[in-house]
Amino acid sequence: MSQKTIFKTIYQYNKEPLSKADMDRLVEIARDCGHVKNYVYAKYSGVNGLSKIYPGYTVQNEILRFVMKQSQCFEGILTNREVILQGEWKEAYEKVSDKVDAYRLNQYLRRQVRRHQKHPHTEAADGFSVSPKGYRYDDHGIYISMKEKRQRLFIPLTDNNHYARQIYLRLFPEEGNLVIGVPLEVKPKKRKTCRAEIGVAMGMHCMFVTDTGNRYGEEFLEYQSALANYIREKNLRRCKNMQNNPGKKKYTAAKARLEASLHAYINGEINRMLETEKPGILYIPKLPGTSKAGVSRKINASVTMWQKGYVKSRLVQKCRERSIELVEVFGKGISTECSGCMGQGEKEKGIFSCRECGLSLPERENTAKNVLRRGRENVHKETNHR
């Protein structure tokens, strides 16, 4: 992909619900794709397959650093075979090996790799990928190749767009619907900017607050809480009823609908913010890691499932699509610092109050102003350094 282009996914939808027989045929293909994935996972996710997938690791030890940099050396140790090196590499390996008990260190390395290595597995049968040879567009729809020889399933679509690339079919069997994801390589749009720079504070109660006090995504917490509460309640019921072997089918479908609603709201509010503000440079604070802060299990569950990673990834993507520069700034102490005098203040009931200069304004707005100031300072430092 060219540096001047980006990938974005567009979606196509079926015009009318599929029959149960047709949906069962698609689900069968998705299930077979899952079996293929599990076969690949089982074959290549073990120690013997690491050298084919991962080029190396980095750890803070001289001999281990050396081993990680040499794929042949790393593979030999993991598979318990003789390490064969040539020339200077052989001399360097012997030199660092003489300083330690190589046998015990190799045993430790193999043990740690097995302990921390994850073996992927999937039980999902909710979608599958199709190459261009496996489908064709015609008759206001798409023909998908089936498992039967020379058989294709026709699906009428809501649009007449035609593509020639690998697509992904996401299935919703209970509703008889599907969504086709099509990745496209596009050029970022160049738009006129109203403001050269803006600072943005991010949070759960309100997704974004700008340095001018504009708010976007004020209903984010409602969507997030609905998803978190549903998952928590269903997990509790499932644990209590585990002996009766409860199914996951209805749970997965309802969860997918709640996630889809949340993601649609996130994307809509990001679009609204960028269209309204029209920034040239957008500064955001580096988001903290997931914490267990809260006064109850209900609050803890909502905080833990806060989809800040999805919010950030969509913000990054949409800024690239609009040729907007997105800059992260150091976020430590940014919410307790006064945007007026840079002194320390206090937060209470969503209001920030400075003890030194007496400034009082909404907490998130104060944070956004600090984000803008820190972003500008960093840009000036980098410019002067160059």
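Among the residues of the stretch 117-127, is there at least one that is of a type outside the set (V, I, T), open to solvent by 80 Å² or more (accessible area, probe 1.4 Å), over 30 Å from M23 (Cα atoms) and touching a residue at least 24 places away in the same chain (Cβ under 8 Å)?
Yes - at least one qualifying residue is present in the stretch 117-127.
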Check on K95, modelled with pLDDT of 90 or more and part of a helix (DSSP H, G or I): no
Scanning the stretch 110-149 for residues that are within 24 Å of the chain's Cα centre (by Cα) and of a type in the set (D, E, K, R), which turns out farthest from Y41 (Cα to Cα)? D126
Can you confirm whether the stretch 253-264 contains a residue that is in a helix (DSSP H, G or I), at pLDDT below 65 and either closer than 29 Å to I198 by Cβ or in contact with a helix residue (DSSP H, G or I) (Cβ under 6 Å, 6 or more places away or on another chain) (or both)? no
Which of the residues that make up the stretch 143-161 are without any contact (Cβ under 8 Å) to a residue 40 or more places away in the chain and within 16 Å of P17 (Cα to Cα)? Y143, F154
Residues in the stretch 107-118: is at least one of a type in the set (D, E, K, R) and more than 30 Å from F74 (Cα to Cα)? no
Exception for M23 within (1) of a type outside the set (S, T, Y); (2) modelled with pLDDT under 80; (3) assigned to a helix (DSSP H, G or I) falls at (2)
Inside the stretch 317-352, can you point out the residues that are of a type in the set (S, T, N, Q) and over 17 Å from A201 (Cβ atoms)? Q317, S323, Q344
Of the residues that sit in the stretch 151-209 and are aromatic (F, W, Y) and surrounded by 15 or more Cβ atoms within 10 Å (Cβ to Cβ), which one is nearest to Y137 (Cα to Cα)? Y163
Tally time: how many residues in the stretch 310-362 are open to solvent by 40 Å² or more (accessible area, probe 1.4 Å) and outside any loop (DSSP other than H, G, I, E, B)? 17
Just the residues that are assigned to a loop (DSSP other than H, G, I, E, B) and more than 17 Å from C33 (Cα to Cα), please, taken from the stretch 116-159. Q117, K118, H119, D139, H140, K149, R150, Q151, T158, D159
Note down all Cβ pairs under 6 Å where the first residue falls in the stretch 12-32 and is in contact (Cβ under 8 Å) with a residue 12 or more places away in the chain, the second is surrounded by fewer than 18 Cβ atoms within 10 Å (Cβ to Cβ) and small (G, A, S), and they're at least six residues apart or on different chains. P17/G176; L18/G176; M23/G176
Among the candidates Y13, Y41, residue that is farther than 30 Å from E325 by Cα, at pLDDT 75 or above and part of a strand (DSSP E or B): Y13
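The values are calculated or read from the model by the stated rules, or taken from the named source; none is laboratory data. Since the structure is predicted, the reported quantities are computational estimates derived from the model, not experimental observations. Positions of Cβ are generated from backbone atoms using ideal geometry, with glycine treated the same way; all protein chains shown enter the neighbour counts. Each accessible area value is taken on the protein alone, full model and side chains, heavy atoms only, with ligands, DNA and RNA left out. Shrake-Rupley method; radii C 1.70, N 1.55, O 1.52, S 1.80 Å.
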